[in-house]
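S.K.: The structure is given below, and queries will be raised subsequently.
The values are calculated or read from the model by the stated rules, or taken from the named source; none is laboratory data. Note that the structure is predicted; figures quoted are calculated from it, not measured. Here the Cβ positions follow ideal geometry from the backbone for every residue, glycine too, while neighbour counts run over all protein chains shown.
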């Protein structure tokens, strides 16, 4: 469980935090206010509105340095309700981070809440001289900011321009913070009793005080409380029981002692289920597949294939294997030897025509010589090509290499798979 900035009290624009109905293994919780306690809500609101009424009635101005979201909306709703119930204040405007052009009694809510810079700081530097004015700090402020400094009501403050000025305006700290105080934090922890507590989001001093007090109150509960520094990692080991439920066909009958069955354990989130393999697609989004393994056995009639692996050779070998497997599944057919020889002879003639046509397209003048060799002439240079063994004769080495390369490529295109036993 991760829980920061919890608010156990409902206000005008936010509901109280909903608490879980179980005890978490680890609780990461804020320590903003340490062991401090908030005033009751009705007392805070009464004090808050009295400051405004008194200040504006005597012609003063009220500055509320607040953050842009969260408490600003709550404070505006309180002021709106109070102004509606007091007609004598209707002529006094309330500004929220807007440009001010009029000199009048007013209530201004501006950011930032720490008075570091911005509109809230500019107004503070102008109004801090007049004792008729007031500044209301409505919530938690960080150490080192001007808002934190003026809570102790010093006699002088440093302005944005570096000069010092007297702090004559009234300063009131009325906390409307949504952060939990000690009462809310301790109540939550006592109700749920987590074995591990990590305190975050707080100053080291307040965090240490909160840890000390919690350890005193939870001494009998064997609770571990950690206060890590910024960027410090925390490692914890949890030994929890895991329960798996049997569903589907396996849950229809109770197995006998010593009986074995085939099942699959499926984990989804933090739940475990045991089911039959056939039920996997029913109770989950997984699908099943079956792998059949064939064990090769030596026999007198078998085919052995060997090739150098590359994309093209692998594709050709796969095709051959598929063809052989398809033939092995069919009934053997009687093939007349003469018809097979005739078919092979016709295929050879077609291949020879294709080879001649391709050579003509590449070299132009190609003729059949008296000795059965092809005579290729290019710019008066002659080369002789023996189609039976692929030998090439020519006095010009350049033409010889051109013809050899072209013939090899044509052979690979026309006869990618050698059909003869001697190839």
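Residue-by-condition table, conditions (1) assigned to a helix (DSSP H, G or I); (2) exposed (fewer than 11 other Cβ atoms within 10 Å of the Cβ); (3) in contact with a strand residue (DSSP E or B) (Cβ under 6 Å, 6 or more places away or on another chain); (4) modelled with pLDDT under 80:
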position: 360; (1), (2), (3), (4): yes, no, yes, no
position: 377; (1), (2), (3), (4): no, no, yes, no
position: 382; (1), (2), (3), (4): no, no, no, no
position: 403; (1), (2), (3), (4): yes, no, yes, no
position: 418; (1), (2), (3), (4): no, yes, no, yes
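Residues are listed down the side, and each one gets a yes or a no for (1) out of contact with any helix residue (DSSP H, G or I) (no Cβ under 6 Å at 6 or more places or on another chain); (2) surrounded by fewer than 16 Cβ atoms within 10 Å (Cβ to Cβ):
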| site | (1), (2) |
| --- | --- |
| 27 | yes, no |
| 39 | yes, yes |
| 56 | yes, no |
| 60 | yes, no |
| 79 | yes, no |
| 83 | no, no |
| 90 | yes, yes |
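S.K.: I'd like to check something: does segment 310-327 contain any residue that is assigned to a loop (DSSP other than H, G, I, E, B), within 30 Å of residue 202 (Cβ to Cβ) and either under 43 Å from the mean Cα position of the chain (by Cα) or at pLDDT below 85 (or both)?
M.R.: The answer is no; no qualifying residue exists.
S.K.: In segment 384-395, what residues are surrounded by 11 or more Cβ atoms within 10 Å (Cβ to Cβ) and closer than 22 Å to residue 415 by Cα?
M.R.: 384, 385, 386, 387, 390, 391, 392
S.K.: Got at least one residue in segment 191-208 being exposed (fewer than 13 other Cβ atoms within 10 Å of the Cβ), under 35 Å from the mean Cα position of the chain (by Cα), under 18 Å from residue 36 (Cα atoms) and without any contact (Cβ under 8 Å) to a residue 60 or more places away in the chain?
M.R.: yes
S.K.: Which numbered condition trips up residue 79, out of (1) more than 21 Å from residue 112 (Cα to Cα); (2) modelled with pLDDT of 80 or more?
M.R.: The single condition residue 79 does not satisfy is (1).
S.K.: Okay, next question. What is the residue count in segment 123-158 for residues that are loosely packed, with under 15 Cβ neighbours inside 10 Å, touching a residue at least 24 places away in the same chain (Cβ under 8 Å) and over 40 Å from the mean Cα position of the chain (by Cα)?
M.R.: 3
S.K.: Taking the options 260, 223, name whichever one is modelled with pLDDT of 85 or more and within 30 Å of residue 210 (Cα to Cα). Working first, answer last.
M.R.: Numbers: 260 fails: within 30 Å of residue 210 (Cα to Cα).
Just one listed residue meets the conditions, 223.
S.K.: Considering segment 239-273 alone, what residues qualify as being under 30 Å from residue 195 (Cβ atoms) and surrounded by 10 or more Cβ atoms within 10 Å (Cβ to Cβ)?
M.R.: Listed by number, the residues that qualify are 244, 245, 266, 267, 268, 271, 272, 273.
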